[in-house]
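Undergrad: Submitted below is the structure of interest, expressed as structure tokens.
What follows is calculated from the coordinates using simple rules that are stated; it is not laboratory data. These figures come from a predicted structure and were not determined experimentally. Reconstructed Cβ throughout: ideal geometry from the backbone, glycine too, with neighbour counts over all protein chains shown.
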Amino acid sequence: MSRQDYQRVEQAIHFIEDNLPDQPSLGEISASVGLSEYHFQRLFRRWAGVSPKRFLEYLTAGQARRLLENSRSVLDAAFEVGLSGPSRLHDLTINIYAATPGELKRRGAGLDILFGVHSSPFGDCLLARTERGICWLSFLGPVGREEAVEELKKEWPAALLREDQAATRPLAERIFGPGAGGSPLSLFVRGTNFQIKVWEALLRIPPGAAVSYRDLAARIGSPGAARAVGRAVATNPVAFLIPCHRVLRQSGAFAGYRWGLARKKALLGWEAARREAGPGPAQARSMG
């Protein structure tokens, strides 16, 4: 899928949100992105696997509340057996290796980081890796590549950063491509013990499911720390793989997202559509 394709999908989501009281027709939505109804339907089905109308049903407040309610039993099972849930695209074991206190203090000194910009179903992303694992994955915003690289530098200010598309492309293809299998993915992230605990809990939320900040706090044994959990979710340095997009407000409302609220809705709707289509042959396993 091209960069322009996702931009049109995101533009359509914005248009629908802005005109929701008027219940825009397919023709009006198509026109807002400069396409005929026929071509827009084809583009949207290729991206989401469902019609625009069906996709929008996943994005209503009522559906979000049902998503939270229906996820509780799924999450109970996932947490009890240590599974991160079913995945139609990948069979990945994701291991988190947190930086040691000494490494945190050095802020990446002596660390070589290779990065590259790659396409994904949700727009271009910046992916960075070290010898110990993926240390950064962010979606490019309106400003683009330069802003994303600056954010990476702020996360690892003392590290040696080098652009190397060839080194990061296999990981990007593994994360967003149609294939599965291979060796486990490892993440190398900087965070406090509390942040790491929250990020590990996020990995257990299955695709197409959602959890509230309050429930997530309870899952990590800190039921009164919903606000702190929210801050930890917001500082997640590895988009998509650590699925912070699967956290909603208790009411079912879509809260803010580091890489854009429209993209968060696109991620949740995309996963919900694939969950409804049925389980695939692959299943993600617990962290090592």
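Undergrad: Around Ile134, which amide H atoms from residues at least 5 apart in sequence, or from another chain, sit under 5 Å from its own amide H, with H modelled in the peptide plane?
TA: HN-HN under 5 Å from Ile134: Ser186, Leu187, Phe188.
Undergrad: Quick query: amide H of Val238 versus all other amide H atoms, modeled in the peptide plane; which residues come in under 5 Å with a sequence gap of 5 or more or a different chain?
TA: Distant-sequence amide H within range of Val238: Leu137.
Undergrad: Could you tell me whether the stretch 93-223 comes out rounded, prolate or oblate from its Cα gyration tensor? Rule is a ≥ b ≥ c as square roots of the eigenvalues, rounded for a/c under 1.5, then prolate if a/b exceeds b/c, otherwise oblate.
TA: Judged from the Cα gyration tensor, the stretch 93-223 comes out oblate (a/c at least 1.5, b/c at or above a/b).
Undergrad: If you don't mind, there's one more thing I want to ask. Under the Karplus relation 6.51 cos²θ - 1.76 cosθ + 1.60, θ = phi - 60°, what is the ordered set of whole-Hz ³J(HN,Hα) values for the stretch 38-49, x standing for Gly and Pro?
TA: Ordered by residue, 3J(HN,Hα) equals 4, 6, 5, 4, 5, 4, 5, 5, 5, 7, 9, x Hz.
Undergrad: Round to the nearest 0.05 the FRET efficiency obtained for Glu28 and Ala255 when R0 = 25 Å and r is the Cβ-Cβ distance.
TA: Working: r = 28 Å, r/R0 = 1.12.
So, using R0 = 25 Å, E works out to roughly 0.35.
Undergrad: For Lys105, which lysines qualify as cross-link partners when the Cα separation must be under 24 Å and same-chain residues fewer than eight apart are set aside?
TA: Excluding near neighbours in sequence, the set is Lys153, Lys154, Lys197.
Undergrad: Could you compute the FRET efficiency for Asp5 and Asn193, with r as their C-beta to C-beta distance and R0 at 30 Å, rounded to 0.05?
TA: FRET efficiency, Asp5 to Asn193: 0.15.
Undergrad: Through the Karplus equation 6.51 cos²θ - 1.76 cosθ + 1.60, θ set to phi - 60°, convert the phi angles of the stretch 199-211 into ³J(HN,Hα) values in whole Hz; use x for Gly and Pro.
TA: Whole-Hz 3J(HN,Hα) from phi for the stretch 199-211: 5, 5, 5, 4, 5, 8, 7, x, x, x, 10, 8, 9.
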